[in-house]
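K.L.:
Pasting a structure here, questions to come.
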Amino acid sequence: MRERTQVTVSHRRPLIFKEDDVHSPVINIRTCLKSRTVLAGLFFICGSVSSPLSVADGPSSGPPAAQFQSLVDYFRGHWTCDGHFANGKPISSEETFEPWLGGRWLHELHDDHPPHSYHAHSVWGIDAQSQSLTLTIYDNFGGVRLFVGHDWSGPTIEFEPQTTPSHSQRPERFTFVKRPPSAFSLEYAVSGVDGKWLLGDHVDCTKTPAHEAPPS
């Protein structure tokens, strides 16, 4: 794994850079991508990933399906998260996971607590051809991003970016670490110009008992 250097970056927003930025080691949060549309992102996804796993043409049993069901069972429910940015400033959020379409997909809803304002819907699933775990993120800044987790058999899941020429932001990475029986950590990082991973934020999440979860 590449060495990680801490630097302040914007919390999980898709980042886009001007040509002059490539020589700067510091990421300016004002360069956050806010103008992309969900429609454009959908064309991006359709053009860069093989057909999704479906009831009609995808495998319904076997190791990948069993692994994914284990993920659904672990993450489903409501979570409260607390952590910090790379500069040490605190951050907190809510995460809610629910299975979709009979457990073929896992929907994740992320909501920052004020004063932060990042919100996102994400979908986890298995790509039918590669059997890789995919993560697609739709956020409130108009960003659509696609990530792939090639090795997700253990407690750590690293989602690496699936890039295309039409998406010019620097590579980002989401790392989930399951901490049984009812916790996980999540780290967001972005690649610097030298290829090193720059920490954006880190949170530790604890599952909320069902009777305490807020209404959806």
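K.L.:
Conditions: (1) without any contact (Cβ under 8 Å) to a residue 40 or more places away in the chain; (2) under 22 Å from D201 (Cβ atoms); (3) of a type in the set (V, I, T). T80 meets all but one. Number of the miss?
P.N.:
Here T80 meets the rest and fails (1).
K.L.:
Could you run through the stretch 131-156 and say how many residues are surrounded by 17 or more Cβ atoms within 10 Å (Cβ to Cβ), without any contact (Cβ under 8 Å) to a residue 40 or more places away in the chain and small (G, A, S)?
P.N.:
Total meeting the criteria: 2.
K.L.:
For the stretch 157-167, which positions are assigned to a loop (DSSP other than H, G, I, E, B) and either buried (at least 19 other Cβ atoms within 10 Å of the Cβ) or at pLDDT 95 or above (or both)?
P.N.:
The answer is Q162, H167.
Condition check ((1) touching a strand residue (DSSP E or B) at 6+ places or on another chain (Cβ under 9 Å); (2) at pLDDT 90 or above; (3) in a strand (DSSP E or B); (4) among the hydrophobic types (A, V, I, L, M, F, W, C)) across all residues:
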residue: Q169; (1), (2), (3), (4): yes, no, no, no
residue: F174; (1), (2), (3), (4): yes, yes, yes, yes
residue: S185; (1), (2), (3), (4): yes, yes, yes, no
residue: A189; (1), (2), (3), (4): yes, yes, yes, yes
residue: V193; (1), (2), (3), (4): no, no, no, yes
residue: D201; (1), (2), (3), (4): yes, yes, yes, no
residue: D204; (1), (2), (3), (4): yes, yes, yes, no
residue: P214; (1), (2), (3), (4): yes, no, no, no
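The values are calculated or read from the model by the stated rules, or taken from the named source; none is laboratory data. From a predicted model like this one, the values you see are computed outputs, not experimental measurements. No Cβ is skipped: glycine too gets one built from the backbone with ideal geometry, and neighbour counts run over all protein chains shown.
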